[in-house]
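Inspection log for the structure reproduced underneath, given as structure tokens.
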Amino acid sequence: MNTISCLLLCVALAGQTEDAAADQPAAPEKAGQFAVGSKAFTESVILGEIATLLGREDGYRVQHKDQLGGTVVVWRALLRGEVDVYPEYTGTLIEELFKEDHLQSLQDIRDALARHNVRMTDPLGFNNSYGIGMQEKVAERLGVTKLSDLRNHPQLRFGFSNEFMQRSEGWPTLRVNYDLPQTDVRGLSHDLAYGALVSDDIQAMDVYLTDPKIEALNLRVLEDDLSHFPKYEAVYLYREDLRQRAPRWVAALEDLAGAINRDEMVAMNSQVEDNRDVSEARAAADFLTRKFDLHPVVVDEGLVSRIARYTRDHLFLVIVSMTAAILVSVPLGVLSSKHTAIGHVILTISEVIQTIPGLALLVLLMPIVASIGLNAVGPWPAIIALFLYSLLPIIRNTYTGMRDVPTSLRESAAVLGLTPLAQLRLIELPMASSMILAGIKTTAAINVGYATLGGLIGAGGYGEPIMTGLRLGDPYLMLEGAIPAAILALVVKGVFELAERFLVPRGLRVSTAA
């Protein structure tokens, strides 16, 4: 299952739950430190880098939390104070975040934002509205030049991003407004849809007007002859209090009004997506140099340094979640083996948790994490999700190992006068240790894989290059995360096999191997 597609779908489920968390006081930030957020697509990341570099040029310590998922995730992060600035589009504000307010003008948007203590810059200078794209040769063959022409071709297969499938100005209203008859319409990752379009698995998809793939793949963007799609003028949103905390930075962001035209934005997008050696930060720095004669310092991180950083962050997610899971699961497994009714409830709850899709659990945990004062953008939702997923295998193996202890040994221990705690420590846990460790070993290996989901919410780890590679269509970048993750899973498995030599009695190891 494609991760970005699932996340955008899960955001819709989490949006209402996050309302309560968003009303909580903003998370405290370290003095003098600021954060820029961006969504999980190239243009948003580049605009985030431009804002980040401008802040650093003015002497502020600014961190870029990139690729944070969809609109709701980044918007809530702004409200909670986990980011101070992020790039947005007027169409998204009108059609998604404030769709119930029926906003019409920029002033309407500003008034709506002010109720949340958020301000908006003037438009940056380009419109990145939605469009519907087809292969030029297919559109030419069918005689399709505008959206209303699609009515004559009910057999066409459409593939839209999952967000577009849900948005108020997306497929549901597009179909109604244009009276489109197509029924073979599927949701998939926006990045993967281009490949499906080129291979003719689908014949039309949603595109962004500043996407360089339109030209690179020779796509025809159909005329919106009923003016269905609103304008998506790029802006920056920032917290009201940023005017007092970083006035020079706010002034620099405001000065970007009208400074980026469509061709410049397309060129920056193309620079990143067509050249795997050019980062979003480098493209942003080049733009600032050309446009404003600024010379921001961008240090391109080497491969070894990147993998070391990914490994450090990934190990943090795995070690913290696994340690907590072991400390909780083993006692719960022992309790379950001692009390059948309680054990049934514990196992049932842990089984239900295991059935929740990983991305849904991750996103739904974000408002809960925020409500207890932790950052919802970062490692904590990922750690809690990994902890919850680790419960069932360890509880079940502990339960099974304890139940397999021969009754004769328990009776002999009771006859010898051993207390229940002594029986547990000297007989039952040693006898069950092989089974318990097997559950922990299996869980740890799976945990390493699941931890890649942290790349979707700024938690770092091996998921970061995987998500970036998926977004850029760069398999080499994806392997930068996938291969170390596979190696780490094998290392973790080996560590626990080594630990078995010290934790499991020799006789039990021999009998288990036999």
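The values are calculated or read from the model by the stated rules, or taken from the named source; none is laboratory data. Values in this document were obtained by computation on a predicted structure and should not be read as measured data. With ideal geometry, Cβ positions are generated from the backbone for all residues, glycine too; neighbour counts draw on all protein chains shown. Heads up: the accessible areas ignore ligands, DNA and RNA and are worked out on the full protein's heavy atoms, side chains in. Shrake-Rupley method; radii C 1.70, N 1.55, O 1.52, S 1.80 Å.
Pairs of Cα atoms nearer than 8 Å and 6+ residues apart set the relative contact order; for segment 76-151 it is 18 percent. Using the structure shown, list the pairs from Lys99/Lys231; Lys39/Lys291; Lys99/Lys137; Lys137/Lys213; Lys39/Lys137; Lys146/Lys291 with a Cα-Cα distance above 26 Å, or answer none. Cα-Cα > 26 Å for Lys99/Lys137; Lys39/Lys137; Lys146/Lys291; rest within. In terms of Cα atoms, the Rg and Dmax of segment 383-514 work out to 19.9, 68 Å.
Using every pair of separate Cα atoms, the Kirkwood estimate puts the hydrodynamic radius of segment 300-435 at 17.2 angstrom. Relative to the longest principal axis of the Cα atoms of the chain, the long axis of helix 262-273 makes an angle of roughly 30 degrees.
Which one, (i) 29.4; (ii) 28.1; (iii) 26.2, gives mean projected area of the Cα convex hull in nm² as derived from the coordinates shown? Evaluating mean projected area of the Cα convex hull in nm² on these atoms matches (ii). Across the chain, the longest piece that holds none of the trypsin sites (Lys or Arg not before Pro) lying in DSSP loops with up to 10 other C-beta atoms within 10 Å covers 116-514. Using a probe radius of 1.4 angstrom, the carbon and sulfur fraction of the accessible surface of the chain is 58%. Where in the chain is the longest stretch that carries no GluC sites (Glu not before Pro) classed as loop by DSSP and with at most 14 other Cβ atoms within 10 Å? Result for the longest clean stretch: 1-239. The charge dipole of the chain, taken about the Cα centre with unit charges on the Cβ atoms of Lys, Arg (+1) and Asp, Glu (-1), comes to about 2340 debye, rounded to the nearest 20.
One equal scatterer on each Cα of segment 390-468, no solvent, Debye formula: the resulting log10 I(q)/I(0) at q = 0.20, 0.22 Å⁻¹ is -0.83, -0.92.
Average accessible surface for segment 160-291: 43 Å² per residue, computed with a 1.4 Å probe over protein heavy atoms with every protein chain in place.
Bridge orientation summary for the chain: considering DSSP beta bridges with both residues in this region, about 55 percent are antiparallel. Relative to the longest principal axis of the Cα atoms of the chain, the long axis of helix 303-338 makes an angle of roughly 40 degrees. Relative to the 2.2 N^0.38 Å rule of thumb, segment 122-167 has a C-alpha radius of gyration ratio of 1.47.
Per-residue Karplus couplings for segment 211-216, computed as 6.51 cos²θ - 1.76 cosθ + 1.60 with θ equal to phi - 60°, are listed in order as 6, x, 5, 4, 6, 4 Hz, Gly and Pro entered as x.
Axis of helix 379-403 versus longest Cα principal axis of the chain: the two differ by about 30°, to the nearest ten degrees. Peptide packing: for 196-204, 364-372, the average count of neighbouring Cβ atoms within 10 Å per residue gives the ranking 364-372, 196-204, highest mean first.
Its residue count N sets the reference 2.2 N^0.38 Å, and the alpha-carbon radius of gyration of segment 25-165 equals 1.31 times that reference. Computed over the chain, relative contact order equals 18 percent, with contacts defined as Cα pairs under 8 Å that lie 6+ residues apart. Per residue, the convex hull spanned by the Cα atoms of segment 145-266 measures out at 136 cubic angstrom.
Each Lys and Arg adds +1 at its Cβ and each Asp and Glu adds -1 at its Cβ; summed about the Cα centre, segment 145-208 shows a dipole of about 160 debye.
For segment 305-408, the solvent-accessible area works out to 43 Å² per residue, with a probe of 1.4 Å and every protein chain left in place. Given the options Gly131, Ala308, Thr210, identify the residue whose Cα lies farthest towards the positive end of the charge dipole of the chain (+1 on Cβ of Lys, Arg; -1 on Cβ of Asp, Glu). The Cα lying farthest towards the positive end belongs to Ala308.
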